[in-house]
Amino acid sequence: MEVLEQMNEQEMKRIAIEKYVNIQRIKKHGQEEVEYQEKIARAELQMLGISTEDLEISKQQ
């Protein structure tokens, strides 16, 4: 919650719009867009020092 308290309203609006636009792109372009969005999100998280390893959903065999 600390991060949200540090963001102003404009930043929160920008993030919400980006999420919505990304979902629309995924709906239109399918798996290729999913993979692209995942790559970008992983890079952003790593730049912030957040490991994505524990966030991965393992594929059931």
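The values are calculated or read from the model by the stated rules, or taken from the named source; none is laboratory data. Remember, predicted model here, so these are calculated numbers, not experimental data. Ideal geometry is used to build each Cβ from the backbone, glycine not excepted, and the neighbour counts take in all protein chains shown.
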TODO: Mind listing whichever residues of the stretch 38-61 are in a loop (DSSP other than H, G, I, E, B) and of a type in the set (Lys, Arg)?
DONE: Lys59
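Here's the yes/no breakdown for (1) hydroxyl-bearing (Ser, Thr, Tyr); (2) loosely packed, with under 11 Cβ neighbours inside 10 Å:
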{"position": "Ala16", "(1), (2)": "no, yes"}
{"position": "Tyr20", "(1), (2)": "yes, yes"}
{"position": "Arg25", "(1), (2)": "no, no"}
{"position": "His29", "(1), (2)": "no, no"}
{"position": "Glu33", "(1), (2)": "no, no"}
{"position": "Ala41", "(1), (2)": "no, no"}
{"position": "Ser51", "(1), (2)": "yes, yes"}
Task: Met12, sole failed condition from (1) at pLDDT 90 or above; (2) surrounded by 11 or more Cβ atoms within 10 Å (Cβ to Cβ) - done: (1)
